[in-house]
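Please read the structure below before turning to the comments.
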Amino acid sequence: MSDMFPGDYATAETGVFWDIDQCEIPAGELNANEVLEKIRSNLSSFGHRGPVSIRAYGDLTGHHFPSQGIKLNHFPAGHMYERQTKILEDIVSWSAEHPEPCTLMLIVGETSPDFVEVVQLLKSRKNYHFILIHSTDDGFGSA
């Protein structure tokens, strides 16, 4: 699957936007630092050799993320609309700050129609590459 990052995408920056409330770290399996390393390792195994920036959104209570390599956005449990709005704002801001080509990896669960509309708009640009990881009943899947 090394073709997941064709051509210039292999060395271009990848922005990871992770909704930790809808795509939780499985209890007792991995800690937050191990999940971040797994994300980076998986990107590398799929052919990505460029920089990676990671942002996590949700209730951070009880999670111990490393102090470097991730931007944390705390939202108390149950604040789905505010959390999704912040994710969207950050996706739009990140894409404006990072020249094409680049990759956006979204690790999300349920999304609002507004969220889908913004993602579709960005996907319509020819030099943005998207990877969608979504939660499923039995863990994570990709689309």
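A short reminder: the numbers here are calculations on the coordinates, not readings from a lab. Just so it is clear, the model here is predicted, and its values are computed rather than measured. Counting neighbours? That spans all protein chains shown, and the Cβs are built from the backbone with ideal geometry, glycine included.
For Rg and Dmax of the Cα atoms in Å, computed directly from the structure shown, the correct entry in (i) 14.5, 41; (ii) 15.3, 56; (iii) 14.3, 49 is (i).
Pairs of Cα atoms under 8 Å, at least six residues apart: use those to get the relative contact order of the chain, whole percent.
29
Measuring nothing but alpha carbons in segment 1-83 and taking Rh as the Kirkwood radius, the Rg to Rh ratio lands at 1.01.
As a proxy for reagent exposure, Ile25, Ile87 were ordered by neighbouring Cβ count within 10 angstrom, fewest first; the result is Ile25, Ile87.
Between Ala96 and Lys38, the contour length at 0.36 nm per residue exceeds the Cα-Cα span by 18.2 nm. The distance between label points at Ala27 and Val116 comes to 3.2 nm (points 7 Å beyond Cα on the Cα→Cβ vector). For Val16, the residues whose modelled amide H falls within less than 5 Å of its own, excluding neighbours fewer than 5 places apart on the same chain, are Ser53, Ile54, Arg55, Met105.
Coupling constants for segment 79-90 follow from the phi torsions by the Karplus curve (6.51 cos²θ - 1.76 cosθ + 1.60, θ = phi - 60°), and in residue order they are 9, 5, 4, 4, 4, 5, 4, 5, 4, 4, 4, 5 Hz; glycine and proline get x.
Of the residues Phe75, Phe115, the one with the fewest other Cβ atoms within 10 Å heads the list, and the complete ranking is Phe115, Phe75.
Mean residue ellipticity at 222 nm from the helices of the chain, using -39,500 (n - 2.57) per DSSP H segment of n ≥ 4 over the full residue count, to the nearest 500 deg cm²/dmol? Could the numbers behind the result be given before it?
Details: 3 runs with 43 residues, N = 143.
Helix contribution divided over all residues of the chain: -9500 deg cm²/dmol.
Connecting C-alpha atoms closer than 10 Å in a GNM of the chain, tell me which of Ala12, Ala27, Ala77 has the biggest fluctuation. Top of the fluctuation ranking is Ala27. Taking Cα centroids, how far is segment 64-109 from segment 1-42 in Å? Here the answer is 13 Å between Cα centres. Using only side-chain charges placed at the Cβ, +1 for Lys and Arg and -1 for Asp and Glu, the dipole size of the chain relative to its Cα centre rounds to 440 debye.
Sorting Val35, Val118 on the 10 Å Cβ count, fewest up front, what's the list?
Details: Val35 22, Val118 18.
By the 10 Å Cβ count, ascending: Val118, Val35.
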